[in-house]
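Colleague: What follows is a single structure, and I will ask about it in a moment.
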Amino acid sequence: EVSPFGFSAVAADRIATSGTEGNLTVAVTSLRNQGLPVLPSITDGTGKLVMAGILANPATRSQHVQAITNLVVARGYDGIDLDYEAFAFTDGSSSWAATRPNWVAFVADLADALHAEGKLLAVTVPPMYDADYDSSSGYWVYDYAGVGKHTDLLRIMAYDYSVGSPGPIAPLSWVQKVAAFAP
């Protein structure tokens, strides 16, 4: 399967096209012509703590599930990939305890809606190292065990080890640590 970056969630009920519609159409057509399943990626384009708030409210969470499901079905995609990184890199770890159960509930609801349509759900997440849910656990807001039982594909971002200064992209020992905890 292939997941071109194509969309950004900008509100509970609105998914915007990233880049140009024409480029996305060409890419998707080319992939389909090669017989590859297409699960475009949706990023979180809402801003600090906005998506966390959407997922915390059952009504707006339901709106978001419906918006994504409508997009996938209307465009005939094989599924969708969620790449919601703001929880980890924008919201701050002090929000994770509240966000984590809402994220899991959202993924479960979205998986149910997509599976009812015969579609797949992939979720792309930053690394976790253990289930202690503390500062040494990695990005535990994404709860591998919680979301893993609902998703068809759990994609772990075992790269970008060095981001603040020059260094390795993914040292083998670090990748092994990330992989050892993966479900």
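Colleague: With point charges of +1 on the Cβ of Lys and Arg and -1 on the Cβ of Asp and Glu, referenced to the Cα centre of the chain, which listed residue (Met128, Val163, Val175) lies farthest in the positive direction of the dipole?
Modeller: Val163
Colleague: Have a look at Ile80, Trp96, Gln63 and report the one farthest towards the positive end of the charge dipole of the stretch 59-113, computed about the Cα centre with Cβ charges (Lys/Arg +1, Asp/Glu -1).
Modeller: Farthest towards the positive end: Gln63.
Colleague: Give the calculated FRET efficiency between Ser94 and Thr20 to the nearest 0.05, with a Förster radius of 35 Å applied to their Cβ-Cβ distance.
Modeller: My answer for the efficiency is 0.40.
Colleague: Using the Karplus curve 6.51 cos²θ - 1.76 cosθ + 1.60 with θ = phi - 60°, what ³J(HN,Hα) values do you get for each residue of the stretch 13-21, in whole Hz, with x for Gly and Pro?
Modeller: Calculated HN-Hα couplings, in order: 10, 9, 10, 9, 6, 8, x, 9, 4 Hz.
Colleague: Now, a different point. Can you bin every Cα-Cα distance in the stretch 15-95 into 10 Å intervals starting at zero and give me the percent of pairs per bin, rounded to whole numbers?
Modeller: 16, 43, 29, 12, 1
Colleague: Same structure, new question: Counting helices only, and only those DSSP H runs with n ≥ 4, report the 222 nm mean residue ellipticity of the chain as the sum of -39,500 (n - 2.57) divided by its residues, in deg cm²/dmol to the nearest 500.
Modeller: -12500 deg cm²/dmol
Colleague: Give the long-range amide H neighbours of Arg155: residues separated by 5 or more places, or on another chain, with amide H under 5 Å away, using H modelled in the peptide plane at 1.01 Å from N.
Modeller: The answer is Val123, Thr124, Val125.
Colleague: Would you mind telling me the share, in percent, of accessible area of the stretch 62-168 contributed by carbon and sulfur at probe 1.4 angstrom? Provide the component values of the computation, followed by the final result.
Modeller: Numbers: 2220 of 4550 Å².
Looking at the stretch 62-168 in its full context, I get 49 percent from C and S.
Colleague: Below 8 Å, C-alpha to C-alpha, sequence gap of six or more: please give me the relative contact order for the chain in percent.
Modeller: Across the chain, relative contact order equals 18 percent.
Colleague: May I ask what percent, to the nearest 5, of DSSP beta bridges between residues of the chain are antiparallel?
Modeller: 25 percent
Colleague: Say a site is exposed when it is one of the trypsin sites (Lys or Arg not before Pro), sits in a DSSP loop, and has at most 16 other Cβ atoms within 10 Å; what is then the longest site-free stretch of the chain? Present the calculation step by step, with values, prior to reporting the outcome.
Modeller: On the way: sites that count: Lys48, Lys149.
For trypsin sites (Lys or Arg not before Pro) (loop position, at most 16 other Cβ atoms within 10 Å), the longest site-free span of the chain is 49-148.
Colleague: Using a 1.4 angstrom probe on the protein heavy atoms only, line up Leu154, Leu49 by accessible area, largest first.
Modeller: From most accessible down to least: Leu49, Leu154.
Colleague: Please list, in order along the stretch 167-178, the HN-Hα scalar couplings obtained from phi with the Karplus expression 6.51 cos²θ - 1.76 cosθ + 1.60 (θ = phi - 60°), rounded to whole Hz, x for Gly and Pro.
Modeller: The phi angles translate into x, x, 6, 7, x, 4, 4, 5, 4, 5, 5, 5 Hz.
Colleague: Starting from the amide H of Gly138, placed 1.01 Å from N in the peptide plane, find each other amide H under 5 Å away whose residue is 5 or more places distant or on another chain.
Modeller: Sorted by chain and number, the residues that satisfy this are Tyr129.
Colleague: Under a 1.4 Å probe, what is the accessible area of the chain per residue, stated in Å²?
Modeller: 47 Å²
Colleague: Next question, about the same structure. Taking each pair of different alpha-carbon atoms in the stretch 98-147 once, compute 1/r for the pair, average those values, and report the inverse of that mean as the Kirkwood hydrodynamic radius in Å to one decimal.
Modeller: With all distinct Cα pairs of the stretch 98-147 included, I get 11.7 Å.
Colleague: Please give the charge dipole size of the chain, origin at the Cα centre, charges +1 on K and R Cβ atoms and -1 on D and E Cβ atoms. Round to the nearest 20 debye.
Modeller: I would put it at about 160 debye.
Colleague: Two decimals is fine: what is log10 I(q)/I(0) at q = 0.12, 0.21, 0.24 Å⁻¹ for the stretch 82-172, from a Debye sum with one equal scatterer on every Cα and no solvent?
Modeller: Debye intensities relative to I(0), on a log10 scale: -0.40, -1.06, -1.27.
Colleague: Given the options Val123, Val50, Val163, which has the most mean-square fluctuation in a GNM of the chain, springs set between C-alpha atoms less than 10 angstrom apart?
Modeller: Looking only at Val123, Val50, Val163, the biggest GNM fluctuation is shown by Val163.
Colleague: Can you compute the charge dipole magnitude of the stretch 130-175 about its Cα centre, using +1 on each Lys and Arg Cβ and -1 on each Asp and Glu Cβ, nothing else charged? Give it in debye, rounded to the nearest 20.
Modeller: For the stretch 130-175, the charge dipole is close to 160 debye.
Colleague: Near the amide H of Phe5, under 5 Å away, which other amide H atoms are found, from residues 5 or more places off or on another chain, if H is placed in the peptide plane?
Modeller: Ser41
Colleague: Test of understanding: express the Cα radius of gyration of the stretch 42-88 as a ratio to 2.2 N^0.38 Å, with N the residue count.
Modeller: So the stretch 42-88 has a normalised radius of gyration of 1.20.
Colleague: Viscosity 1.002 mPa s, temperature 20 °C: what is the translational diffusion coefficient of the chain from Stokes-Einstein with a Kirkwood Rh over Cα pairs, rounded to a whole number of µm²/s?
Modeller: Approximately 126 µm²/s, per Stokes-Einstein.
The values are calculated or read from the model by the stated rules, or taken from the named source; none is laboratory data. Keep in mind it's a predicted model, so treat the numbers as computed, not measured. We place every Cβ from the backbone using ideal geometry, glycine too, and count neighbours over all the protein chains shown. These area figures cover heavy atoms from the full protein model, side chains too; ligands, DNA and RNA do not enter into them. Shrake-Rupley method; radii C 1.70, N 1.55, O 1.52, S 1.80 Å.
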